[in-house]
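Down below is the structure, laid out as structure tokens.
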Amino acid sequence: MAQVLCVDFGSTFTKAVLVDTDEGVLRASASVPTTVGPAVLDGYRHVREALEGHWVDEVLACSSAGGGLRLAVVGYERAVTAEAGHRVGLSAGAKVVHVAAGPMSGADVAALRAARPDVVLLVGGTDGGNAEVLLHNASRLAKARVGQPVVVAGNADAAGEVSHMLASTGRRFVVTGNVLPQIGVIAPEGARAAIREVFLRHVIGGKGLSRGPDFAAMVRAATPDAMLRGIETFAAAVDGDVLVVDVGGATTDVYSVITPGGEDATLHKDVVAPLWHARTVEGDLGMRWNATGVVEAAVAEHLQAAEELPRLRRWAERVSHDTGHLPGDAGETDLDTELARLAALVAVRRHARPARPGESGRPTAKLAHVVGSGGVLRHGGPRVAEAVLGAVTGDYAGGWRVPDGARTAVDTAYLLFAVGLLTDAPGHGAEVAARLARGVLAAR
């Protein structure tokens, strides 16, 4: 019997689940505060102490510690290739910290450097189309003081020349397939894999999170990348479309894995087609650091009654200044639940409805499962889950296609990231991961 410890080095907590890979079931779990800086493995050692008495045959890890994976996108047009690159970057588990569109000037290069990305995604042009801007930007990156590794995912016809430019000045780079091979088609797979490769090879070891090589050897993916991979496996295991809303302290992330049917599957109606396996990040919606952003977004969406607003606003201001504060009574629990409800509603609306007038939203009407994640849902119990997820599945005024009959569940054991890590791990594979994924529903 093999037991694999899956660890998520988060920005706040280091969480671990011990999986029996013969049975595909959870054996134990632990969570401790993340230790920051070069001592990140101290938190891991505390996890191992908490799991004393359980043997571990293998360790797989993902990480968003130290700010996670910071990505800058350099593209051709903001509404076309730069937008495609932005969507692909999110699907790869990155925090997109800068987007540049068009021929880069000196000021544009300075702005990119100021954003402090870990990786630059260079895109531009459809295959066989305009290569002028892509080549100009490649030349800028080759000559500028931009030392971050570059993932090249633009016009395939220009890839050789771009490679020559970057290689001539010793830049670190990876070339992969075009994220926008033709108008109306988006191809994330190559860039997503290349960003993961660069993250593991150059970023994890370069963040100064550990004094030795053990941390870098342990980490297999950025945490959001592992989450999306896990949700893909979960969707296949339950044979249905899935939406996951992860309500966190700083951001609210929404993931969807959808198999389009009918017109959605055959027509390229949008200049940049939707990603069917997608992640969006709402940086203004968080339970603590961005609690006031939740209230303001709810007001903009007309989700908060005027008479209730002052009390909620006071609570949001309090917890944003004291991010470690937990509800102390029923009244505070109700206010925290309301924050979570509003964060989830706004985040799902932004994820699912059309990005621009004339475009189509995500085909979410046939979602089979809506799953909640994040500490407020994992620890809040059935009442909080019903308030938050029930609001999402009943959001008929939200401007998106609300699912009819979707089942709701909460990833109470925090399994989805582990499912993602196990899916591609040598010697384990998709069947073990699928058995574990079904445990998300078993814990309802």
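Data overview
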quantity: Net lengthening on full extension, E307/S163 (0.36 nm per residue, minus Cα-Cα); calculated: 45.9 nm
quantity: Centre separation in Å (Cα based) which lies between the range 309-378 and the range 396-427; calculated: 16 Å
quantity: Residue-normalised accessible area of the range 288-337, expressed per residue, 1.4 Å probe, Å²; calculated: 57 Å²
quantity: Rg/Rg_globular for the chain, with Rg_globular taken as 2.2 N^0.38 Å and Rg from C-alpha atoms; calculated: 0.97
quantity: Semi-axis lengths, Å, the range 360-444, gyration tensor of Cα atoms, sqrt of 5 times eigenvalues; calculated: 26, 17, 10
quantity: Of all accessible heavy-atom area on the range 175-266, the percent that carbon and sulfur account for (1.4 Å); calculated: 49 percent
quantity: Rounded to the nearest 10 Å², the accessible area of I183 at probe 1.4 Å; calculated: 100 Å²
quantity: Solvent exposure ordering (accessible area, 1.4 Å, most first) of R341, R78, R211; calculated: R211, R78, R341
quantity: Computed over the chain: relative contact order in percent, which uses C-alpha pairs under 8 Å that are six or more apart; calculated: 15 percent
quantity: D214 accessible area, 1.4 Å probe, all protein chains in place, Å² to nearest 10; calculated: 100 Å²
quantity: Accessible area (Å², 1.4 Å probe, nearest 10) - M218; calculated: 20 Å²
quantity: Spatial separation of Cα centroids for the range 216-243 and the range 50-128, in angstrom; calculated: 18 Å
quantity: Largest-first ordering by accessible area, 1.4 Å probe, given options H136, H98, H379; calculated: H379, H136, H98
quantity: Surface accessible to a 1.4 Å probe, per residue, for the residues of the range 48-98, Å²; calculated: 37 Å²
quantity: Residues of the range 127-268: accessible area per residue with a 1.4 Å probe, Å²; calculated: 40 Å²
quantity: Size of electric dipole in the chain: Cβ of Lys, Arg +1 and of Asp, Glu -1, about Cα centre, debye, nearest 20; calculated: 960 debye
quantity: Carbon/sulfur fraction of accessible area - the range 290-404, other protein chains in place, 1.4 Å, %; calculated: 52 percent
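The values are calculated or read from the model by the stated rules, or taken from the named source; none is laboratory data. Keep in mind that this is a model prediction, so the values were computed, not measured. All Cβ positions, even for glycine, are placed from backbone atoms using ideal geometry, and neighbour counts span all protein chains on display. SASA here: full protein model, heavy atoms, side chains in, ligands and nucleic acids out. Shrake-Rupley method; radii C 1.70, N 1.55, O 1.52, S 1.80 Å.
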